[in-house]
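Reviewing the structure listed below.
The values are calculated or read from the model by the stated rules, or taken from the named source; none is laboratory data. Keep in mind that this is a model prediction, so the values were computed, not measured. Positions of Cβ are backbone-derived with ideal geometry, glycine not excepted, and every protein chain shown enters the neighbour counts. Just so you know, the surface numbers come from the protein's heavy atoms only, side chains and all, with ligands and any DNA or RNA stripped out. Shrake-Rupley method; radii C 1.70, N 1.55, O 1.52, S 1.80 Å.
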Amino acid sequence: EAAVTQSPRNKVAVTGGKVTLSCNQTNNHNNMYWYRQDTGHGLRLIHYSYGAGSTEKGDIPDGYKASRPSQENFSLILELATPSQTSVYFCASGDTLYAEQFFGPGTRLTVL
Amino acid sequence: QQQVRQSPQSLTVWEGETAILNCSYENSAFDYFPWYQQFPGEGPALLISILSVSDKKEDGRFTIFFNKREKKLSLHIADSQPGDSATYFCAASENNNAPRFGAGTKLSVKP
């Protein structure tokens, strides 16, 4: 059974619309992360969290919000989606210090 | 600004050869360097990792060589197999900060 799940797996949104990407982990890890993957850029860090109620900005946070309501759940919110946010989004969880990150299967988002 | 750089962007080797993937970084405070392997349609998965106190880490056919002074490391895949065809990401982190990833190297192993 997958320890990190993401929903939806595919999403088509319209420009200006609100999009919420959800992530759930059953690893009981404190840390969770959101990355986007684009050709030529690899994985870029958007937001991350050290535990329930905490969110931190990553390297490319503009246009994104994050929410960590519980240990298990971490959401990425695009309040006003733009075509430049078309990408594949990965959620990951990890324990503290020098720990392996466990990635979800990804969400492919297309903003038209 | 990419904190972690990888080269080459793509690499093709024949089955049985050793593939060498390179990585360099800017932040001298980075002390943990994992390599992740990603197959198409999947999320990345940890392959092997090294701490900056070591200069070499082996796990079967996979070896990391680390040069702290030059802020460079490399992943060597010995006796490459077609099943090793994937994208490989070098990442780096310090303390409990979020890992930063390079742009990846796409490896193709021809039978």
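Quick check on this structure: which one of A:N28, A:N10 is surrounded by fewer than 19 Cβ atoms within 10 Å (Cβ to Cβ) and at pLDDT below 95?
Matching residue, one of A:N28, A:N10: A:N28.
Tell me the residue from A:L21, A:L76, A:L109, A:L45 that is in a strand (DSSP E or B), open to solvent by less than 20 Å² (accessible area, probe 1.4 Å), facing another protein chain (nearest Cβ under 9 Å) and among the aliphatic types (A, V, I, L, M), please.
A:L45 is the lone residue from the list that is in a strand (DSSP E or B), open to solvent by less than 20 Å² (accessible area, probe 1.4 Å), facing another protein chain (nearest Cβ under 9 Å) and among the aliphatic types (A, V, I, L, M).
May I ask you to list pairs of residues, at least six apart or on different chains, whose Cβ atoms are under 7 Å apart, with the first in segment B:22-40 being open to solvent by 50 Å² or more (accessible area, probe 1.4 Å) and the second being assigned to a loop (DSSP other than H, G, I, E, B)?
So the pair list comes out as B:E26/B:Q3; B:S28/B:K71.
Every residue in segment B:63-111 that is assigned to a loop (DSSP other than H, G, I, E, B), farther than 21 Å from A:F90 by Cβ and touching a Cys at 6+ places or on another chain (Cβ under 8 Å), please.
Narrowing segment B:63-111 to residues assigned to a loop (DSSP other than H, G, I, E, B): B:68-71, B:78-81, B:85, B:94-99, B:102-104, B:111.
If we keep only those that are farther than 21 Å from A:F90 by Cβ too, we end up with B:68-71, B:78-81, B:94-95, B:111.
Residues satisfying the conditions do not exist here.
Kindly list the number of the only condition in (1) open to solvent by less than 50 Å² (accessible area, probe 1.4 Å); (2) within 11 Å of chain A (Cβ to nearest Cβ) that fails for B:K106.
(1)
Filter segment B:83-102 down to the residues that are farther than 15 Å from B:P40 by Cα and surrounded by 19 or more Cβ atoms within 10 Å (Cβ to Cβ) and list them by number.
B:C90, B:A91, B:A92, B:S93, B:A98, B:P99, B:R100, B:F101, B:G102
Among the residues of segment B:42-53, is any within 14 Å of chain A (Cβ to nearest Cβ), surrounded by 21 or more Cβ atoms within 10 Å (Cβ to Cβ) and of a type in the set (G, A, S)?
yes
Go over the candidates A:S93, A:S70, A:S75 one by one and state the one that is touching a His at 6+ places or on another chain (Cβ under 8 Å) and not charged (D, E, K, R).
A:S93
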